[in-house]
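Mind looking over this structure? Questions follow.
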Amino acid sequence: MFDAARQGRQGSSSARAYDCETVTSFAVAQRCARVGVTRLVLTDFRNYRSVRLDLDTGPVVLTGPNGAGKTNLLEAVSFLSPGRGLRNARLGELDRRSTDEPALWAVAATVETCRGPVRIGTGRDAGVGSQSPSLSRGERRVVRVDGQPARGQTTLAEKLAILWLTPQMDRIFIEGPSGRRRLLDRLVLALDPAHAGRVASYEQAMRERARLLREGPNDPAWLAALEEVMAEKGVAVAAARRDTVERLDRACAEADGAFPRARLSLDGTVEDWLATEPALAAEDRFKAVLAESRSADALTGGAAVGPHRCDLAVAHAEKGMPADSASTGEQKALLIAIVLAHARLLCEIRGEPPILLLDEVAAHLDEIRRGALFEALSGLASQSWITGTDAALFAPLRAAGRFLSVHDGAVSETDL
C-alpha cells in the first residue's frame, strides 16, 4: 500500500509492515447496503447507569440541553475503535460516579459491516491490580470481538473505521501540532489498522531512550538498540502518514460543492527524507542522527528529530491561504471537507465508509453548508451520529434518520 516504504526495502524488517495484506482483504470485501451500529449497550459509562439502543444504519440525531449526555453517547461509540476515544480520556475517567465507589464502565455493540454483523465488547479491566504502578491506575482496556478475546485493539480497526469531529477540534488549525497529529493518525489508522501499533512502539522506545539519557546507565549498546527501534518504527510511521496525506490531498482536490477544497501536506524532517530517498536509507540516517544527538537530547528530553515532531499543514485552495488564517467558519468547513473526502477515500480503498461521529457539527455552518453536509451524509453508505441542541436544524435528515432526545442520562424518542 505505501509505496514510499516499499522503495528499496529488500531485506529490511519494516518492509513487512507494508505487505498490503490488510488492503487486499479490504478490496475483496463485498459491498453492503450500509454500515452502522444496530445495537448499543452502555453500563456505568459516564452519566449512564444503563442504556440500550436498538437502531438501523441510518443517521442518528441526538438532541437535548448541554450537559445531558449527548457527547457521552458519541464517546461510547468511539470506543469501538482503538485508542482513548474522542475525548482522549483516561479509562478511569469514564466510570460512572456516584456516592459509592465508581463502577467499571463497559460498552457493547452490534455493528453491521460489509463482512456481516460484528459483536464488539470493551471496557476497563476489572482484573487490574496494584502489582504495577502503571496498572494500578486502571489504564488497561479489554476487548472482545464476537465473544472472543481480541489479540489487541488493532482488531477493532480491522473490523470498522470510525472518525469524529468535536467542538474542541474547531481550533485544530490555530493551536499546537499535537492535535493535528492525532487527527492525522486517526485518518491513517482507518486505512492501515497496524499504524497505531507502530506509533506506540516508536513512542515507547523514545520514552525509554529519554529515561536512559536522563538517569542512566549510559550503555551505548542499549541506546543503539532503542534507536534502531525508533528508526525502524519511526520511518514506517512517517511513510504511512505521507501516503495517507498524498491520497487524501488528491481526494480533496477532486471534491466540489459547498465546502472549500483543502490542500494537505506534511512538515517534518523524516517525512522530507522519504521524499528523496528509500526508506532503508532514511532508517540509517535517522539512527545516525539519534546517535549524534544523545548529549543534546539528554538535556532537552525526547528527541530533536522524529515523526513525533511532524505537522499536518492545511490550506484553503481557492483562497490560497493557510487554514490558520481562515475565518472560524472556513476552518470548520475545511475540517468537514477533509473528513468527507477521507470517507470517500475509504470507500475506494476499504470498500466501505467510516462511521462518523459529529458533535455539535452545525455550529459555525450557514444554512447552505448545513444542507450540503446533510446531503453528503445521506450519500454515504454509513451511519452518522450527530448532536445538537435544536432538532429543527436537522430537519433534512428526518426522513432517513432516527431522532433521539437526551436528558440527564436518559434517552427517548424525539417528539417531532
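Since every read-out is calculated from the coordinates, none of them should be taken as a lab result. All of these numbers come straight from a predicted model, not from anything done at the bench. In this analysis, Cβ positions are derived from the backbone assuming ideal geometry, glycine residues included, and neighbour counts consider all displayed protein chains.
Using 0.36 nm times the number of residues separating residue 38 and residue 110, minus their current alpha carbon distance, what extension gain do you get?
So the extension gain works out to 25.4 nm.
Let me ask something additional. Have a look at the DSSP beta bridges in the chain and tell me what percent are antiparallel, nearest 5.
If we restrict to bridges inside the chain, about 70 percent are antiparallel.
Hey, for a label at residue 390 modelled as a point 7 Å past Cα toward Cβ, could you say which residues of region 354-373 have their backbone N under 14 Å away?
Hits in region 354-373 for residue 390 at 14 Å: 361-368, 370-371.
Further question on the same structure: Taking 25 Å as R0, compute the FRET efficiency from the Cβ-Cβ separation of residue 225 and residue 151 and round it to 0.05.
Taking R0 as 25 Å, the efficiency between residue 225 and residue 151 is 0.50.
Which angle from 0 to 90°, rounded to the nearest 10, does the C-alpha axis of helix 328-350 make with the longest principal axis of the chain?
Approximately 80 degrees, to the nearest ten.
Something else about it: Please give the FRET efficiency for residue 284 paired with residue 319, using the beta carbon to beta carbon distance and R0 = 41 Å, rounded to the nearest 0.05.
0.50
If you don't mind, another one. For region 59-114 and region 189-240, what is the separation of their Cα centres, given in Å?
One Cα centre to the other: 31 Å.
Additional query: Using unit Cβ charges (K, R positive; D, E negative) and no other charged atoms, how large, in debye to the nearest 20, is the dipole of region 325-416 about its Cα centre?
Once rounded to the nearest 20, the dipole reads 300 debye.
Could you tell me the distance between the Cα centroids of region 337-412 and region 268-292, to the nearest Å?
Rounded to whole Å, the Cα centres lie 41 Å apart.
Please identify which residues in region 318-342 have an amide N closer than 20 Å to a label point set 7 Å out from the Cα of residue 175, following the Cα→Cβ vector.
The answer is 323-339, whose backbone nitrogens lie closer than 20 Å to the label point.
When the chain is fully extended, how far beyond the present Cα-Cα distance does residue 253 get from residue 89, taking 0.36 nm per residue of separation?
Net length gain for the segment: 55.6 nm.
Next up: Could you work out how much longer the chain between residue 410 and residue 215 gets when fully extended? Use 0.36 nm per residue separation minus the Cα distance between them, nm to one decimal.
Between residue 410 and residue 215, full extension yields 65.1 nm more.
How much mean residue ellipticity at 222 nm does the chain get from its helices, if each DSSP H run of length 4 or more adds -39500 (n - 2.57) and you divide by all residues, to the nearest 500 deg cm²/dmol?
The helix-only estimate for the chain comes to -12500 deg cm²/dmol at 222 nm.
Given a Förster distance of 30 Å, report the FRET efficiency between residue 142 and residue 208 from their Cβ-Cβ distance, rounded to the nearest 0.05.
0.70
Now a separate question. Which of the lysines could a cross-linker bridge to residue 287, judged by Cα under 22 Å and excluding same-chain residues fewer than eight apart?
Those lysines meeting the cut-off are 233.
Name the aspartates and glutamates eligible as straight-distance cross-link partners of residue 70: C-alpha to C-alpha under 20 Å, and not fewer than 8 places from it in the same chain.
Cα-Cα hits under 20 Å: 44, 54, 56, 93, 95, 170, 359, 360, 390, 408, 413, 415.
Also: Under the classification rounded if a/c is under 1.5, otherwise prolate if a/b is larger than b/c and oblate if not, where does region 329-401 fall, given a ≥ b ≥ c as square roots of the Cα gyration tensor eigenvalues?
Oblate, because a/c is 1.5 or more while a/b does not exceed b/c.
Angle, helix 177-191 long axis vs. longest principal axis of the chain, Cα atoms, 0 to 90°, nearest 10?
80 degrees
Give the lysines reachable from residue 319 as a straight Cα distance under 18 Å; neighbours fewer than 8 places away on the same chain don't count.
Answer for residue 319, where 18 Å is the Cα cut-off: 332, listed by chain and number.
Angle check, please: helix 220-253 long axis (alpha carbons) against the longest principal axis of the chain (alpha carbons), in degrees 0 to 90, nearest 10.
Roughly 40 degrees between the two axes.
On to the next question. What is the spin-label model distance, in nm, from residue 399 to residue 300 if the labels are put 7 Å beyond Cα along the C-beta direction?
Each label point lies 7 Å from its Cα, and together they span 5.8 nm.
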